[in-house]
Amino acid sequence: MLENTWWKSGIVYQVYPRSFQDSNGDGVGDLPGITSRLDYVAGLGVNAVWISPIFPSPMADFGYDVADYCGVDPLFGSLADMDALVARAHELGLRVILDFVPNHSSDQHPWFAESRSSRHNPKRDWYIWRDAKPDGSPPNNWVSNFGGSAWQWDEATGQYYYHAFLREQPDLNWRNPDLREAMHDVLRFWMDRGIDGFRVDVIWHLIKDAEFRDNPPNPGYNEGRPEIDSLLQVHSTDQPEVHDVIAGMRRVVDDYPDRVLIGEIYLPVERLVTYYGKDLSGAHLPFNFQLIQTAWNAHAIAKLVNEYEDALPAGGWPNWVLGNHDQPRIAARIGAAQARVAAMLLLTLRGTPTMYYGDEIGLARVEVPPDRVQDPWEKNEPGLGFNRDPERTPMQWDDGAHAGFSSHDPWLPLAEDYRQCNVAALSREQGSILNLYRRLIALRGASHALSVGSYVPIPSAEPLLAFRRVHGEEDVMVFLNLDAEPHTAELRCRPAGGRILLSTYLDRAGEEVGVKVALRPNEGLIVSATRG
């Protein structure tokens, strides 16, 4: 039953481990710190916690350069700490989703040490090696996502290796069956320890063009954009054979009961939905980042939702994301007032919502001085405005020293207003965004219409966005005002009117509404519809 599938009816909460809670006073978050805060996570009412990478790593890209897929970096703790976290999460009814980074490893991984030791080493083909062109230049024109050529010359063996990201992150060769089986064993290792699923990093990158053809130039590229945008990634990503790779992962995951496979995919909707796979043999949830990338207006959002719903394969379950560790925070993009409306949107659309830690307290852009920049992308391509540090700053728990995150100066700065913007203060404030999230999550959890019901758009004029969620006899309407002025929604179809269940303000629960629904500036309403 749909209602009993946790990753369909539930909510995922992403934790960036460096920034959630420091337990040992080194200024960096860790696994015991996360465990100590799981009561808070469970208290929000979410169903799963997704933890960004915690594997042993030189930290060239803060854990996305993995040196051992079956361990825990001492910075974060130990395997025993991870086991304790999983056990405590399960006690609280929380599932644990682990970040899996299979496209590339660290150049410090023993596999790569073997691969680069000789052209004849058995693991040579576990990575992507190519000869130089006759003039000594790289094999093709592919560009790294962090700027510069995606090819690194290796003097010892006289070939280039491919890295879609940093040169310290050589790409693995998923065309090699031995590499595939080794990675499948990694999945089994973690599921045997109780992990409930995986978010697979850059899953659309896993297979590259077999002929390594040049990528064509992007005719829409302009200065000020990252160098990666100068080419269309038609040969370096999103290859047809990638779906066989994902289906293989899915078979491994399906050998264990009640697990989930989530894929990180930045592609247009029509390509995104192909990652559900033939006969739904791919990712359970290909991550849908369209809300992050869409203009914040009612017309654009309504069009996006309708196109996404229409494009989903039969049986494919939707999902929505407003923020993550790579994108500016929602409150930074649209402001504090509309961030409350966005919370209602995220938690009432059909599909699995993923929340990002700190969004529930309204964290916005935190200024990071130049001398404290950590992000390798910003260091490689400075000044373009794509620094990811501002969305990775520490969680703000209270108004004490270092916001309750650590007893030491944290690895990234806190927001200047952390004494007001923190969990303790906002918990006491009845109308805070934190308590709005709690009310929204509780209402969603109590409503089959909101958690697993169908989606029906309600025709509305800009700047109003409206839709219904229906499950059996339960009929719920959602009205969102994406403007700083009051507006009135007019229902031109049944149901006509109902009773307000929840407003982004505090004082309207229980109010009856008719065919005209008045919305205050920046207000969202959830209305139990009158049937008949």
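The values are calculated or read from the model by the stated rules, or taken from the named source; none is laboratory data. Nothing here was measured: the structure is a model prediction, and the numbers come from that model. Don't worry about glycine lacking a Cβ; one is built from the backbone with ideal geometry, like all the others, and counts go over all protein chains shown.
Suppose we filter Met344, Met355 for residues that are part of a helix (DSSP H, G or I), among the aliphatic types (A, V, I, L, M) and under 27 Å from Leu414 (Cα atoms); which single one remains?
Met344
Only one of these is buried (at least 18 other Cβ atoms within 10 Å of the Cβ), in contact (Cβ under 8 Å) with a residue 24 or more places away in the chain and over 22 Å from the mean Cα position of the chain (by Cα): Trp142, Trp151. Name it.
One residue alone meets the criteria, Trp142.
Within region 408-424, can you find the residues that are of a type outside the set (S, T, N, Q), surrounded by fewer than 19 Cβ atoms within 10 Å (Cβ to Cβ) and either free of Cβ contacts under 8 Å to residues at least 60 places away in the same chain or touching a strand residue (DSSP E or B) at 6+ places or on another chain (Cβ under 8 Å) (or both)?
Pro413, Glu416, Asp417, Arg419, Ala424
Scan region 381-407 for residues that are in a helix (DSSP H, G or I) and either buried (at least 17 other Cβ atoms within 10 Å of the Cβ) or at pLDDT 95 or above (or both) and jot them down.
Once the filter is applied, which keeps residues that are in a helix (DSSP H, G or I) and either buried (at least 17 other Cβ atoms within 10 Å of the Cβ) or at pLDDT 95 or above (or both), region 381-407 yields Asp389, Pro390, Glu391, His402, Ala403, Gly404.
Matching residues to (1) surrounded by 19 or more Cβ atoms within 10 Å (Cβ to Cβ); (2) touching an Asp or Glu at 6+ places or on another chain (Cβ under 8 Å); (3) of a type in the set (D, E, K, R):
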{"residue": "Ile441", "(1), (2), (3)": "yes, no, no"}
{"residue": "Glu485", "(1), (2), (3)": "no, no, yes"}
{"residue": "Ser503", "(1), (2), (3)": "yes, yes, no"}
{"residue": "Thr530", "(1), (2), (3)": "no, no, no"}
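Just the residues that are assigned to a helix (DSSP H, G or I) and either in contact with a Pro (Cβ under 7 Å, 6 or more places away or on another chain) or surrounded by fewer than 21 Cβ atoms within 10 Å (Cβ to Cβ) (or both), please, taken from region 54-85.
Leu79, Ala80, Asp81, Asp83, Ala84 - these are the residues of region 54-85 that are assigned to a helix (DSSP H, G or I) and either in contact with a Pro (Cβ under 7 Å, 6 or more places away or on another chain) or surrounded by fewer than 21 Cβ atoms within 10 Å (Cβ to Cβ) (or both).
For region 25-45, how many residues meet the condition of being in contact with a Gly (Cβ under 7 Å, 6 or more places away or on another chain) and assigned to a loop (DSSP other than H, G, I, E, B)?
Number of matching residues: 2.
Does at least one position in region 165-175 carry a residue that is out of contact with any helix residue (DSSP H, G or I) (no Cβ under 9 Å at 6 or more places or on another chain), on the phi < 0 side of the Ramachandran plot, touching a residue at least 40 places away in the same chain (Cβ under 8 Å) and exposed (fewer than 14 other Cβ atoms within 10 Å of the Cβ)?
Scanning region 165-175 turns up no residue that is out of contact with any helix residue (DSSP H, G or I) (no Cβ under 9 Å at 6 or more places or on another chain), on the phi < 0 side of the Ramachandran plot, touching a residue at least 40 places away in the same chain (Cβ under 8 Å) and exposed (fewer than 14 other Cβ atoms within 10 Å of the Cβ).
Condition first: without any contact (Cβ under 8 Å) to a residue 60 or more places away in the chain and either farther than 23 Å from Asn145 by Cα or among the aliphatic types (A, V, I, L, M) (or both). Now tell me which residues in region 256-273 satisfy that.
Pro257, Val269, Leu272, Val273
Out of everything in region 426-438 that is closer than 15 Å to Tyr40 by Cα and of a type outside the set (A, V, I, L, M), what residue ends up being surrounded by the most Cβ atoms within 10 Å (Cβ to Cβ)?
If we take residues in region 426-438 being closer than 15 Å to Tyr40 by Cα and of a type outside the set (A, V, I, L, M), then Tyr437 is surrounded by the most Cβ atoms within 10 Å (Cβ to Cβ).
Do we have any residue at all in region 441-459 that's over 27 Å from the mean Cα position of the chain (by Cα) and not assigned by TED's automatic domain parsing to the domain that holds Ala401?
yes
I'd like to verify a number: residues in region 518-528 that are crowded, with 21+ Cβ neighbours inside 10 Å and farther than 18 Å from Leu346 by Cα, how many?
1
Being closer than 28 Å to Ser106 by Cα and acidic (Asp, Glu) is the filter here; which residues of region 30-63 pass it?
Asp30, Asp61 - these are the residues of region 30-63 that are closer than 28 Å to Ser106 by Cα and acidic (Asp, Glu).
Looking at (1) at pLDDT below 95; (2) under 27 Å from Asn24 (Cβ atoms), can you tell me which one Pro459 breaks?
Status for Pro459: all satisfied but (2).
Within region 435-463, how many residues turn out to be aliphatic (A, V, I, L, M) and under 19 Å from Arg340 (Cβ atoms)?
Matching residues across region 435-463 total 6.
Go through (1) at pLDDT below 95; (2) among the acidic types (Asp, Glu); (3) part of a loop (DSSP other than H, G, I, E, B) one by one and return the number of the condition Glu378 breaks.
Of (1) at pLDDT below 95; (2) among the acidic types (Asp, Glu); (3) part of a loop (DSSP other than H, G, I, E, B), only one is false for Glu378: (3).
Listed residues Ala518, Ala484, Ala509; which is out of contact with any His (no Cβ under 9 Å at 6 or more places or on another chain), of a type in the set (A, V, I, L, M) and without any contact (Cβ under 8 Å) to a residue 60 or more places away in the chain?
Just one listed residue meets the conditions, Ala509.
Can you pull out every residue in region 459-480 that is touching a Leu at 6+ places or on another chain (Cβ under 7 Å) and either free of Cβ contacts under 8 Å to residues at least 12 places away in the same chain or not in a strand (DSSP E or B) (or both)?
Result: Pro463, single match.
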